[in-house]
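Report on one structure; see the data block that follows.
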Amino acid sequence: MKPLLLRGGRVIDPSRDLDDTADLLIQDGQVKAVGRGLGLPNGGEAMDVTGLVVAPGLVDVHTHLREPGQEDRETIASGAAAAAAGGFTAVCAMPNTDPPIDNQSAVGFVVKQGAAAAGARVYPIGAVSLGQKGEHLAEFGELVGAGAVAVSDDGRPVASGHLMRTALEYARTFGIPVADHCEEPSLAAGGVMHEGLVATRLGLKGIPAAAEEIMVARDILLAGHTGGHVHLCHMSTRGSVELIRRAKDRHLPVTAEACPHHFALTHDACEGYNTNAKMNPPLREREDVEAIRAGLKDGTIDAIATDHAPHHYDAKEREFDDAPFGIVGLETALGLGLTVLVEGGVLPLAQLIARMSTVPARTFGLTGGSLAPGRPADVLVFDPSAAWTVDPRRFRSKSRNTPFAGWELKGRVVRTIVGGRTVFHSGSGEGGVVRP
Amino acid sequence: MSAPLGKDLVGLEHLSPDQIRLILDTAEPFKEVSERAIKKVPTLRGKTIVNLFFESSTRTRISFEFAEKRLSADTVNIGATGSSVQKGETLVDTARNLEAMRIDMVVMRHPSSGAARFLAERIASNVINAGDGTHEHPTQGLLDLLTIRDVKGAIAGTRVCICGDILHSRVARSNIWGLLKLGAEVAVCGPQSLLPRGIDELGVTVFRRIEEAIQWADVLNVLRLQLERMNAGFIPSLREYNRVFGVTVERLERAPREMLILHPGPMNRGVEIDSQVADGPHSVILRQVTNGVAVRMAVLYLLAGGRPELAEAAKGGGAE
Amino acid sequence: MSAAERSSLLDAPTIARALERMAREIVELAGGTDRLILIGIQRRGVELADRIGALIRRSHGADVPRGALDITLYRDDLNEIGPRPVIGETRLPRDLDGKIVVIVDDVLFTGRTVRAALDQLADFGRPARIALAVLIDRGGRELPVQADIVGQRVPARSGDRVDVLLQEVDGGDAVELVRSGAP
């Protein structure tokens, strides 16, 4: 691997509070130096990144890569490539595959496929319970030993309070978070969108905000009781944000993430029965969106994660009731963060990068989130002012299910580097094939 | 002159008051056709209409069938019984097959909200919603409006209260849209567990007790309460529902003015409505049925053919 | 497109005289008023039938049963025209069998309206005879239809329009020819 010198960019490294014009030298797979007027070693490549931003690669702690079992929608390889195109140098893969990732061989499989994909790093998340059935604890030790970085039954909640408590206690042994999909099953059952005026007009069964908030409260109390680290997935309501804020005031071991669609869209996006606006937790009301944005600003919500959920065209081309929940997100996350949050005046750029890189990496103990010399060179170069229109046919992901088609976004990935190796470069191939 | 209706009738929510009035006015001459010895006009001769009913429904389907046959159209009934059959072929494939057979119009009833619009966006044929999930049942709303107008003379200013399981009722929603657009005062009455969120934001008054509704209303539209709601825990029992919310003779006797009673049918006698009320002098339930055929003839007449460029435009907007 | 040219063909007194003559000819055709029924085609045929009925009551002292026919649902061109026309009222005397039905309309042109009216009447009964009385016959037939009683013959070109205006509907009586400027 040749040394790579990124010259003259705006280097933003939240891990060291750095935001300055500087050169960044990558050598032997590491960040070698950051400073002005760096020299290019023999045989190295220099790239002029004036006007561009150089940041730690983005880290997504919540994606669904669908392999094994649902390879028609996504594979680890296509997911890793989509992640790289979106500026991510690391993603965590949720275990609700078919079969689920609830044993060490399955974890090993994901690790192997991730390495072979040679895109963003792929970190497996293991299941909390065997088969994700919510009954028996999976073997966390074996999962972690094989490479899992956290456990989750995402897709479903850990419905049993006893199981959640035990999981939090047991996870302490290995220092991993338990990531919970917060949904009280009996309140949410049969619901397909947020319970509110839009659902009433469309005649669709709603999922009330309380369904999420009840489990958020439960998980916070159990984290406090056990000392185990709970990570609250895809927060969507103002009530949840308020509960988390008070938990953090009391310094409880609680972290939280929110997805771009929950800071960019409301339940109005479901008008016309748009199945690309159907996800779980659902899009909520204006006041909830405001609260999520405020939570990202004051740190109540630690990280932005995508909950990238690929679905086949046929699956979404159905009546709203029957369509599956979820949208893809890896290739629109940065653009949405820059356009809605930074251009929108909610977060300064450095804080957006922190929420999408430094903080998630630290929360889950992953490589990434820092450009300090000596660290692995997981680097993102992007153009903060480039305007582009979202065209799902150009996605690297196998799936196209997004509500953002046609959106004009600002901010475009130029180059993604993992361990010093370029895994995405907008100059080559990006503008090439347009697949149907 | 007349405001066109477009290609489909999916619901009343997005129709203008003029369009709704057009349908009601057009229904009048069709009432006369049903009174003739020969109950047939050649207006839709040669048109093929498919009644696609994914939920069983005798009365609505028969009403549509009479309407179609009295307009001299050719009708085909496709019914799917049991959920496994209706899920066997996707709605998209069903739509494409119908279009390939050059069907002129589809009348569809489906258990999913939004299914009528889904079909309408994908085929060039006219689509008439005969009930989609809990979303809308526009022809029922229209015949209810026509019936109220027949007796009361006008919709504007009339106080209409819809009573029962509003949460799960497509009839309630269509009624609410139609009545509001024509200037009626609208209320709903039922147990809180059967009222949808945000209903008050639509401009509808909410009564929690039937006695209050009866004091206020000129017209009661009494909805059928389904046994499933009891089984799903929304209300404790049908008996309690009748005791607390039933439209009974005793309650009506305390009404301050002449009350008009509507019911979309089929009735659960003794649950939401007493037999004496249903069969009594204030009930216009049978007139609703007569008006149903006339309204459906009017809708079919107004939508059918006449503008080939409309069909082309609709097709161009659908999925590839 | 140049402006249309409107000229008057018949004035009110001429129309009144035509109607009086038509009323006499109708009674003569029906051999009296016993079996006579007047049916006007919506729209203005209905008003004309009413006037003829009033004339017959004055001259013969008999109240001839009258009806109205809206032929919209029987038109043969519903698929070509634009927005659906509003349908007027159809009301007919109960018993048509064995009667002498005289259809009354304002203008006879292609004959398609009359064909539709004949189809519609057939659904209501079987008169002994059906005759046609029109105020204006402007030629241009597309079907083998003839009027038995005509108020006035007016030759008109195919692009022209012949408008009958009546007091009850338009505020005044007149028959006007509208020549289109375009060829």
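The values are calculated or read from the model by the stated rules, or taken from the named source; none is laboratory data. Here the structure is a predicted model, which means the values were calculated and not measured. In this analysis, Cβ positions are derived from the backbone assuming ideal geometry, glycine residues included, and neighbour counts consider all displayed protein chains. Quick note on the areas: whole protein, heavy atoms, side chains included, nothing else; ligands and nucleic acids left out. Shrake-Rupley method; radii C 1.70, N 1.55, O 1.52, S 1.80 Å.
Summary of computed values
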quantity	calculated
3 or more residues closer than 27 Å to A:Arg355 by Cβ and in contact (Cβ under 8 Å) with a residue 24 or more places away in the chain: qualifying strands (runs of 3 or more DSSP E) within region A:1-58	A:4-13, A:18-27, A:30-35, A:53-56
Residue match in region A:180-198 (condition: within 14 Å of another protein chain (Cβ to nearest Cβ), farther than 30 Å from A:Arg400 by Cβ and either among the hydrophobic types (A, V, I, L, M, F, W, C) or open to solvent by 20 Å² or more (accessible area, probe 1.4 Å) (or both))	yes
Residue within region B:168-185 that is closer than 24 Å to B:Arg251 by Cβ, at pLDDT below 95 and surrounded by fewer than 19 Cβ atoms within 10 Å (Cβ to Cβ) present	no
Criterion violated by C:Ala131 - all others in (1) closer than 28 Å to C:Ala174 by Cα; (2) free of Cβ contacts under 8 Å to residues at least 60 places away in the same chain satisfied	(2)
Residue check, B:Leu143 away from chain A (no Cβ under 14 Å), in contact (Cβ under 8 Å) with a residue 40 or more places away in the chain and crowded, with 22+ Cβ neighbours inside 10 Å	yes
Residue selected from region B:20-40 under the condition open to solvent by 30 Å² or more (accessible area, probe 1.4 Å) and free of Cβ contacts under 8 Å to residues at least 60 places away in the same chain, by the criterion nearest to B:Glu121 (Cα to Cα)	B:Asp25
Test set (1) within 14 Å of chain B (Cβ to nearest Cβ); (2) part of a strand (DSSP E or B) - A:Ala210 fails condition number	(2)
Residue count for region B:41-69, restricted to those that are within 20 Å of C:Ile87 (Cα to Cα), part of a helix (DSSP H, G or I) and open to solvent by less than 50 Å² (accessible area, probe 1.4 Å)	2
Selected residue (criterion: surrounded by the most Cβ atoms within 10 Å (Cβ to Cβ)) from residues of region B:208-233 that are among the aliphatic types (A, V, I, L, M) and over 23 Å from B:Val249 (Cβ atoms)	B:Met230
Filter result for the condition that a residue is of a type in the set (Gly, Ala, Ser), part of a helix (DSSP H, G or I) and away from chain B (no Cβ under 14 Å), over A:Ser357, A:Ser370	A:Ser357
Complete set of residues in region A:60-100 that are in contact (Cβ under 8 Å) with a residue 60 or more places away in the chain, under 15 Å from A:His181 (Cβ atoms) and within 15 Å of the chain's Cα centre (by Cα)	A:Val61, A:His62, A:Thr63, A:His64, A:Cys92, A:Met94
Segments classed as strands (runs of 3 or more DSSP E), wholly inside region C:10-118, with at least 3 members that are β-branched (Val, Ile, Thr) and away from chain B (no Cβ under 14 Å)	C:36-41, C:100-108
